[in-house]
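Quick notes on the structure that follows.
The values are calculated or read from the model by the stated rules, or taken from the named source; none is laboratory data. These numbers were taken from a predicted model, which means no experiment stands behind them. Every residue, glycine among them, receives a Cβ derived from its backbone with ideal geometry; neighbour counts consider all protein chains shown. Keep in mind that these areas ignore ligands, DNA and RNA; they rest on the heavy atoms of the full protein, side chains included. Shrake-Rupley method; radii C 1.70, N 1.55, O 1.52, S 1.80 Å.
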Amino acid sequence: MKNRYVHYLLLLALFIVAVTYQTRYTIDAIREDFYPNEQVREPFAMEGVEPTITRVRPEAEEAGLRTGDRVLALDGRPLKGSAVFDQLAAAARPGDSLTVDISRANDATSQTQEKRFTVRWAASRTTRETISEWLPYTLAFVVMPVFCLLLGFWVALIRPRDPLAWLLLGLMISFAQLRSIGMGHWPLWMRDAMVVYHMASISAWPLWMLLFGIYFPERLKYDRRWPWFKWIIIVPLLLILVANIVLEVGGLENIAAVAPYARVILRYQGILFTFVMLGISGFFIALSMKAWDPNTSPDARRRLRLMLFGTAISLTPLLIVVVIGRMRGTGTLQGAPSWITIPVLLLLFLFPLTLAYVIVVQRAMDVRVVVRQGVQYALARSSVRIIQIVGTAVIIFVAAFQVASAATNRPQKIIAISLGVTLITLLGGIAQRLSKWVDRRFFREAYNAELILSDLSDKVRTMIETEPLLETVAQRISESLHVPRIALLLRDNGTYRPAHALGYDVPPSVSFAEKSQTVHQLRRVGEPVLVYSDDSESWVYKTPGMDTERAMLARLETQLLLPLSVKEKLPGFISLGPKQSEEPYSSTDLRLLQSVATQTGLALENSQLTAAIASEIAQRERLNREVEIAREVQERLFPQEFPAVAGLDYSGACRPALGVGGDYYDFLLLPDDKLGIAVGDVSGKGISAALLMASLQASLRGQAMQGTNDLAPLMSNVNRLVYDASAENRYATFFYAQYEPSTRRLTYVNAGHNPPMIFRERESGREVIRLDEAGGVVVGLLRDFQYSQAIVTLEPGDVLVGFTDGISEAMNAQEEEWGEDQLIEAVSACSHLCAAEMIAYLMSAADDFAAGAKQHDDMTLVVVRVI
């Protein structure tokens with residue numbers, strides 16, 4: 001959890017830096033591209049270890065400047081750093097003058113002379129008026145960087161602990177920096193930090209390309225074999241990154257300070273450029289190796305080839321232009337005609353679009369599918385609507401033009417209107433069919449598995465018929481994860497047989513005995529079990545006596561088994577075959593499927609219970625027999641016997657007010673001879689309360705049997721399970737304690753229940769201790785609640801009495817309550833009796849007080865005496 005917060009904090013800091021830079025960069029880019037008449041261009045360019053002019057524009061050449069001149073000052077300001085030039089250019093307007101002091105070597109005498117020239121600032125360029133002029137630059141340098149940042153940060157936000165997500169983020173940040181803008185005039189509070197961000201991003205692009213190619217979507221097998229090899233390229237790329245940052249940041253204020261480093265870079269720039277190209281080439285080489293590797297899964301090969309072709313088409317023209325520019329000694333796109341620059345710029349947008357398509361639509365990364373589906377579905381459906389709106393507008397315009405034309409007679413106008421209405425109607429039908437085709441063609445394989453399976457978990461809770469339940473579960477799992485073969489096997493007379501099968505030519509004839517190794521494995525693990533039929537080290541081969549079962553699993557084409565565990569029982573399990581994509585089941589798949597299996601098991605238990613009750617009701621003539629059957633079912637959930645516990649005499653009893661009720665008590669014999677003591681009261685009455693009571697019992701037993709001494713987290717887990725398995729208006733007051741005979745310590749948690757009382761004999765008289773010091777709210781009301789526990793040490797002779805409010809609030813005909821005071825007096829009067837006799841006495845005392853008045857609440861008592 002802490003690491004996740006660290007990732008989010010780091011992501012937030014990086015996002016703030018990126019947004020700050022991108023906002024200022026976009027403002028400058030828009031000014032330069034759309035308001036060129038208000039911006040000036042630099043009259044000459046300077047490169048090298050000293051501020052020496054390497055290229056002059058016509059206005060500088062007209063003023064007398066030439067290449068080779070060493071610039072000393074601009075407008076009287078010594079040119080110590082490049083920031084001076086940026087600041088003057090940002091403040092100047094076309095037509096302003098610039099004084100340039102230079103030193104120039106005399107060709108005849110070889111002596112250096114200092115001269116001053118005055119240059120007029122020229123406008124940046126002519127305005128791009130046509131769409132073919134401004135659209136490519138807008139897409140490449142304004143829209144594309146924003147799209148890259150959104151894609152990178154979105155994936156990193158969804159998967160903050162995934163290294164691939166951070167690699168993608170780094171790659172997208174770097175790709176957004178393909179255009180450089182002078183930052184020397186930016187405010188000092190952001191300038192240096194933004195220069196470091198920009199140079200680090202743009203210099204790291206070949207590094208991110210190389211690493212992304214090696215590790216996406218799976219690590220290159222040759223890198224596993226020779227992991228050191230990539231460092232031959234990575235180390236020089238890191239040195240280039242550091243050197244670029246030092247030169248750029250240092251050159252802003254002091255060119256002379258970084259001149260020695262610049263000389264080294266210039267000396268070896270050819271070699272360094274080679275490493276840059278190796279890093280970029282490594283991206284394509286690694287992807288190609290994986291895309292045509294027969295050991296790569298078909299689904300992964302398809303994604304890799306899509307990415308390879310898309311990125312190759314996008315970047316190859318730019319790389320060719322870069323290499324030619326390096327050979328000619330010009331900039332990247334300097335001097336290139338528009339018929340070259342425009343396609344190159346437009347194709348650049350294909351790079352992030354390809355990554356987005358492969359990651360989002362082709363599901364190359366396990367991003368949150370609910371967002372993914374929502375975005376892609378909205379984009380597709382919106383495109384269809386836009387086409388429909390544009391088409392309708394064109395039809396209306398043409399029809400209106402014909403009607404308004406003076407050359408059109410009345411019949412022609414009527415025909416134009418009728419034809420327009422007909423075409424609009426046809427266009428609506430075409431748009432509807434197109435929308436359905438888009439759904440079927442592009443998004444069937446991108447179903448939101450998480451949304452479908454989560455919805456399935458909620459839906460199966462309410463299903464009480466077995467066949468529709470099994471059919472729904474199989475169909476929805478198949479649709480969400482694209483699993484063509486699914487079999488649901490239920491227990492029937494000691495064996496597990498297919499009760500529903502999907503995707504098989506003939507129903508599979510298999511039968512697993514209750515004592516089979518497969519069933520034993522499911523009971524032991526209690527969670528999804530992967531079946532590796534081609535792995536000799538798998539449990540399928542390592543477990544003795546699996547030959548027959550292995551053949552049955554092969555007949556089912558099983559790759560995953562899901563146990564439908566309920567209350568330490570296994571009413572059935574689900575067999576899932578391989579996915580259509582041939583990909584293994586991911587951790588996310590297993591988590592979602594386990595949730596579905598848990599809810600299906602509960603629903604199956606409820607379904608079987610309901611079916612049993614319905615079967616019994618059909619054989620009875622009177623309606624009240626249904627209540628009797630439910631009461632019998634509920635009574636079987638109460639302890640049928642009380643195992644002997646050293647030093648204890650204990651008993652319990654429950655009397656429902658309506659035949660079946662929501663009161664609950666239980667005694668659990670736990671590891672180390674401990675005794676679990678539970679008393680609860682479910683809200684409501686009748687069968688619904690009884691079902692929740694059964695769920696509460698199952699949740700408690702599942703948690704308590706693990707033998708934990710920490711009851712607070714145990715109660716939190718029980719609360720969460722009850723909350724998930726019940727309606728919003730259902731909850732239960734609950735008290736749970738564990739008694740340790742060796743120390744006589746009683747550890748307890750009280751979740752909003754009537755505090756049980758300990759009766760202790762003292763020389764001064766009887767002492768009553770109420771167990772209300774630790775606990776929390778009722779279970780099932782708030783999903784996430786942290787409970788507290790307390791410990792009390794019992795003494796010989798102590799009597800623990802737990803009860804529900806049906807005892808303390810027993811009412812007579814005058815609607816007077818018996819009350820806890822009279823309960824205490826009754827306990828004192830019968831404290832010499834054994835536990836079972838005390839319960840009978842207390843029940844009788846409450847009945848005597850009620851004097852035959854009808855009771856509307858269940859009455860439950862638990863008595864534990866320390867001998």
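Report the charge-dipole magnitude of the stretch 756-808 in Debye, nearest 20, computed about the Cα centre from +1 at each Lys and Arg Cβ and -1 at each Asp and Glu Cβ.
Magnitude of the dipole: close to 120 debye.
Can you tell me which lysines have their Cα less than 21 Å from the Cα of Lys115? Leave out same-chain residues fewer than eight positions away.
Within the straight-line limit of under 21 Å, Lys115 reaches these lysines: Lys80.
About the Cα centre of the chain, how large is the charge dipole given +1 on each Lys and Arg Cβ and -1 on each Asp and Glu Cβ? Please answer in debye to the nearest 20.
For this selection, approximately 5140 debye.
How large is ³J(HN,Hα), in whole Hz, for each residue of the stretch 593-599 in order, when computed from phi with the Karplus curve 6.51 cos²θ - 1.76 cosθ + 1.60 and θ = phi - 60°, using x for Gly and Pro?
Residue by residue, the stretch 593-599 yields 5, 5, 5, 5, 5, 4, 5 Hz.
With a 1.4 Å probe and all protein chains left in place, how much of the accessible area of the chain comes from carbon and sulfur atoms, in whole percent?
57
State the label only: which of [x] 39.4, 132; [y] 28.3, 93; [z] 36.9, 128 corresponds to Rg and Dmax of the Cα atoms in Å computed from the shown model?
Derived directly from the coordinates: [x].
In whole Hz and in residue order, list the ³J(HN,Hα) couplings for the stretch 855-865 that follow from phi through the Karplus curve 6.51 cos²θ - 1.76 cosθ + 1.60, θ = phi - 60°; x for Gly and Pro.
Going residue by residue, I get 9, 10, 9, 5, 10, 10, 9, 10, 10, 10, 10 Hz, with x marking Gly and Pro.
Could you rank Cys148, Cys654 by how accessible they are, 1.4 Å probe, largest area first?
Solvent-accessible surface, decreasing: Cys654, Cys148.
Using only the alpha-carbon atoms, how far is helix 449-460 inclined from the longest principal axis of the chain? Give it as 0 to 90 degrees, nearest 10.
It works out to around 20 degrees.
Please determine, in degrees from 0 to 90 and to the nearest 10, the orientation of helix 255-267 with respect to the longest principal axis defined by the Cα atoms of the chain, where the helix direction is its Cα long axis.
Here the helix axis deviates by roughly 90 degrees.
Of Ala727, Ser174, Phe349, which is farthest on the positive side of the dipole of the chain, counting Cα position, with +1 on Lys and Arg Cβ, -1 on Asp and Glu Cβ, and the Cα centre as origin?
Result: Phe349.
For the full complex of protein chains and a 1.4 angstrom probe, list His753, His856 by accessible area with the highest value first.
Largest accessible area first, the list is His856, His753.
Determine the alpha carbon to alpha carbon distance for each of Lys221/Lys542; Lys542/Lys567; Lys515/Lys569; Lys569/Lys685; Lys685/Lys854; Lys567/Lys685 and list only those over 21 Å.
Going by Cα-Cα distance, Lys221/Lys542; Lys542/Lys567; Lys569/Lys685; Lys567/Lys685 fall outside the 21 Å limit.
Of the chymotrypsin sites (Phe, Trp or Tyr not before Pro) in the stretch 486-577, which ones lie in a loop per DSSP and count no more than 13 other C-beta atoms within 10 Å?
Tyr532
Provide the per residue accessible area, probe 1.4 Å, for the chain, rounded to a whole number of square angstrom.
Solvent-accessible surface per residue comes out at 50 Å².
Taking the chain as the reference, fit the longest principal axis to its C-alpha atoms, fit the long axis of helix 410-442 to the helix C-alpha atoms, and give the angle between the two in degrees, 0 to 90, nearest 10.
Rounded to the nearest ten degrees, it is 60.
From the helices alone, meaning DSSP H stretches of at least four residues, give me the mean residue ellipticity at 222 nm for the chain, per-run term -39500 (n - 2.57), in deg cm²/dmol to the nearest 500.
Calculated from helices alone, the mean residue ellipticity at 222 nm is -17500 deg cm²/dmol.
Among 551-563, 310-322, how do they line up by average Cβ neighbours within 10 Å per residue, starting with the highest?
551-563, 310-322
Run the numbers on the chain and let me know its relative contact order in percent, using alpha-carbon pairs under 8 Å that are six or more apart.
Relative contact order for the chain comes out at 7 percent.
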